[in-house]
1. Suppose we filter the range 100-148 for residues that are among the aliphatic types (A, V, I, L, M), surrounded by fewer than 16 Cβ atoms within 10 Å (Cβ to Cβ) and within 16 Å of ligand 1 (Cβ to nearest atom); how many remain?
2. Please pick out the residue among THR344, THR316, THR340 that is in contact with a strand residue (DSSP E or B) (Cβ under 8 Å, 6 or more places away or on another chain), of a type in the set (S, T, N, Q) and over 24 Å from PRO185 (Cα atoms).
3. If the requirement is being touching a helix residue (DSSP H, G or I) at 6+ places or on another chain (Cβ under 9 Å) and either among the polar types (S, T, N, Q) or modelled with pLDDT of 95 or more (or both), which of these qualifies: ALA197, ALA238?
4. Give the residue that is farthest from ligand 2 (Cβ to nearest atom), with candidates limited to residues of the range 46-74 that are more than 21 Å from THR136 (Cα to Cα) and of a type in the set (A, V, I, L, M).
5. Quick test for you: out of GLU107, GLU101, pick the one residue that is within 11 Å of ligand 2 (Cβ to nearest atom), at pLDDT 95 or above, closer than 16 Å to ARG135 by Cα and not assigned by TED's automatic domain parsing to the domain that holds ILE338.
6. Any idea which of TYR306, TYR323 is surrounded by fewer than 19 Cβ atoms within 10 Å (Cβ to Cβ) and hydroxyl-bearing (Ser, Thr, Tyr)?
7. What is the one condition in (1) more than 16 Å from ligand 1 (Cβ to nearest atom); (2) modelled with pLDDT under 95; (3) in contact with an Asp or Glu (Cβ under 9 Å, 6 or more places away or on another chain) that GLN318 does not satisfy?
8. Counting only residues that are among the aliphatic types (A, V, I, L, M) and not in a helix (DSSP H, G or I), which one in the range 76-99 is surrounded by the fewest Cβ atoms within 10 Å (Cβ to Cβ)?
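The values are calculated or read from the model by the stated rules, or taken from the named source; none is laboratory data. Computed from a predicted structure; not experimentally measured. Virtual Cβ from ideal backbone geometry, glycine too; neighbours counted across all protein chains shown.
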Amino acid sequence: MPDRSRAFRKLALFAICLTVAAAFLVIKTFAQNQTTATATQAPAEKTVDEVQKNIQVLKGLPQSQLIPVMNFMGASLGVRCNYCHVNKGGVWDYASDEKGEKKSAREMISLVMNTNKNTFKGSPEVSCYTCHRGRTQVAHTVSFPMPTPEPRPSAQAQGQAPAQTPGQTQAQPQGEGQQQREALPTPEEILAKYYQAIGGSAAIDKLTSRVMKGTAVTSNGTELGYEIAQSGPEMMLATITTDQGVIERGFNGTAGWEKSARGIRDLSAAELTYFRRYSSLLRDIKLQDQFSRISVAGKPKIDGRYVYVLRATTATGQREQLYFDAETGLLIRRSLSITTPVGTIPEQVEFSDYRDVDGMKVPFVVKVSSTDPNVNVTRKFTEVKLNVPVEAKRFNKPA
Ligand code: HEC
Ligand code: HEC
């Protein structure tokens, strides 16, 4: 008897131990999930319905995406803000529902969100652009003469990539019917070739500053004087000369500011994001550290030249594509996209006219394409200097 009860007690104890262990495990995994969730979410951003006055369908959209979404809708329809919003005596009233177009747009936003949710499992396949293609009116049916179907890929000359419409790239492995499928290099090999092409790791490591002078051509064709000084990984100062005077924009590593005839002000969070994205010294040089995942997406042609495409994801989940000239190894295009409820918003930077400067290769033409007209600009440099001393105090907000 005593033996049996001892055995029973042992068993009971074992059962308790198991339960406790299981409970610990649950708590532990729960805690882990909590920490990873908070780590990726960073400080919670306000949503548009918390900040704006009259949001009915875009509820939950992060505030930083409001203007990109508005620009995207405008670009998809080929219109400006005034197509949907009223401006009275120079004052915008974005919250007003006076215009029928704004109400139509609201129904369209719901249509897009519901289609993606119900038909495409939440994947952003359909956007305003899918139907509108840069116009307010959409095509309701086929028009005559009917478009001629494209020749079948097998009809293409062998060993040639399929023909492309200008500006389009097929970021997939080479066409079918290809005879010898050549092995693509690894991401590491593509990046190593790039670093070598721009001057080698010794020159990259020793790069401390860059001063560039030239012009900036805006989306409406205006040519402005443009100068940028970049020092260390973060400090930058852009000087833009317009007919109305000089505008300076600076960032000292912590604070971003603008000085113009109208006075001195702090840059908004969105302005600072753009400024840092396109103006930091090492952004397009030290690529490896910027991504947590990177893979080779193919070898299409751009403007008649083969390029290697890298598909990369940053630690925060931002997706990018990087295009390297297959022969020279140089970075010729970098594109990124933000996924929003009304569609995937693209943004692209192109680099060309690479020239030798103090042992490094520097692109003298940098073209930014965005659905935000204020960001659309082509910078053409005439003079570039590397590793020249720039006084640190020039990057601080003027008193
Ligand atoms: C195709 C129509 C359309 C265009 C073009 C458009 N908007 Fe909007 N906008 C809307 C709609 C619809 C809403 C309301 C969304 C909702 O109810 O969730 C809105 C809301 C807004 C709001 C929030 C107003 C508030 O306080 O409730 C702002 C700000 C705004 N738009 C700015 C702009 C700017 C700036 C542009 C030009 C870059 C622009 N919009 C272009 C349709 C448009
Ligand atoms: C599935 C196709 C489709 C999608 C996607 C779509 N639209 Fe439309 N849109 C239409 C059609 C069809 C009309 C009606 C055109 C007509 O009356 O001829 C229309 C009309 C409109 C109008 C009214 C135009 C006018 O002349 O009054 C606005 C504004 C509009 N769409 C905005 C948007 C916005 C913004 C988006 C993205 C959020 C969007 N649409 C997405 C098909 C689409």
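1. Just the residues of the range 100-148 that are among the aliphatic types (A, V, I, L, M), to begin with: 105, 108-109, 111-113, 126, 138-139, 142, 146.
This time we only want the ones that are surrounded by fewer than 16 Cβ atoms within 10 Å (Cβ to Cβ), so: 111, 138-139, 142, 146.
Then drop every residue that is not within 16 Å of ligand 1 (Cβ to nearest atom), which leaves 111, 138.
Of the residues in the range 100-148, 2 are among the aliphatic types (A, V, I, L, M), surrounded by fewer than 16 Cβ atoms within 10 Å (Cβ to Cβ) and within 16 Å of ligand 1 (Cβ to nearest atom).
2. Within the list THR344, THR316, THR340, the selection yields THR344.
3. Details: ALA197 fails: touching a helix residue (DSSP H, G or I) at 6+ places or on another chain (Cβ under 9 Å).
Criteria check complete, one pass: ALA238.
4. The qualifying residue farthest from ligand 2 (Cβ to nearest atom) is VAL51.
5. Step by step, each of GLU107, GLU101 is checked, and only GLU101 is within 11 Å of ligand 2 (Cβ to nearest atom), at pLDDT 95 or above, closer than 16 Å to ARG135 by Cα and not assigned by TED's automatic domain parsing to the domain that holds ILE338.
6. TYR306
7. (3)
8. Among residues in the range 76-99 that are among the aliphatic types (A, V, I, L, M) and not in a helix (DSSP H, G or I), the one surrounded by the fewest Cβ atoms within 10 Å (Cβ to Cβ) is VAL91.
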